[in-house]
Amino acid sequence: MATISFIQYLEAEKKQSMQNKSMLPQMDALDSFAFYYKKESFVIAGKQPDMMLFVPHEWSDFYNNYLFSKYQDNIYELIEKKFPNRFNFVEHMSGDTYSFMDTGFIMGGRCIKFQNSLIWIIYPIAINCIGKEVKTFEFLGQFFSFYIDKYKSNLFELFSKYGFDITQQDFILEINPDSLIKRTPALSHLADTLSTLSRNKINFCTKQHPQSGSLHTFITYMADEDSFTEIFKMNLDDNPEKDIFQKFIVSVLDYFQEENTHLISGDFLER
């Protein structure tokens, strides 16, 4: 139905252009398109005017309203502050979670807003990945963004006890499948994490960036559907999602050299 109305709009614009012999200024193409876009309707010219008319600029109103509503959320400012001129697409997903992307290089990830700061989940560059790698790292990105968004207040209250300040330092999760690491020299620093990897295990390694002071948790895994079926298989004794998120917390506590990592992470998830 929308296609038919758009064709009718184009025909009306064509007829109006052919019939308009007046030298007086008329509604321009952008104004008339914005009128159609908002109302799925269009103006058909009748008698040619014999006086000067000033019509409202529909396109300017439409675009200004779009910009005003867009920048009510400071997510764009926060992303630009960390990665200036990098990501041209930002979308609110749920809660305080957003996705972001550079559509030119097909690279991006997710971020969670907390205390006017962002927790970053970075994906590999998709054009360097095969289909199953893209599917699996997007799945893990959704998984971790959901639980970090859910627990963010308690999570960073716990980390603050070890001196980490989310308002002053970046917290970044970087997801990479094993097959991508093996064929990418730039990821050779993650090769050691693959030695203990198995079909029913996701590895976590947390380090501090030497220059920026940000914390990076590197997540490595086997990128195939059978492996994910095994990892996330439900049973009566364990909750695999809870176990995976606990291992992520243990990785961060290990970096802080906490001795009772399993006890503290287990208590955290029981709150």
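The values are calculated or read from the model by the stated rules, or taken from the named source; none is laboratory data. The structure presented is a predicted model; accordingly, all values stated were derived computationally and were not measured. Quick reminder, even Gly has a Cβ in these numbers, built from the backbone with ideal geometry, and neighbours come from all protein chains shown.
Couple of notes before you dig in:
- Residue among T229, T206, T196 that is among the polar types (S, T, N, Q) and assigned to a loop (DSSP other than H, G, I, E, B): T196
- Out of D224, D237, sole residue that is closer than 26 Å to E270 by Cα and either surrounded by fewer than 15 Cβ atoms within 10 Å (Cβ to Cβ) or at pLDDT below 90 (or both): D237
- Applying the set (1) surrounded by 13 or more Cβ atoms within 10 Å (Cβ to Cβ); (2) part of a helix (DSSP H, G or I) to I121 leaves exactly one unmet item: (2).
- Residue within region 158-172 that is assigned by TED's automatic domain parsing to the domain that holds I219, small (G, A, S), modelled with pLDDT under 95 and under 25 Å from E259 (Cβ atoms) present: yes
- Scope region 142-186; condition charged (D, E, K, R), in contact with a strand residue (DSSP E or B) (Cβ under 8 Å, 6 or more places away or on another chain) and either loosely packed, with under 12 Cβ neighbours inside 10 Å or assigned to a strand (DSSP E or B) (or both); matching residues: E174
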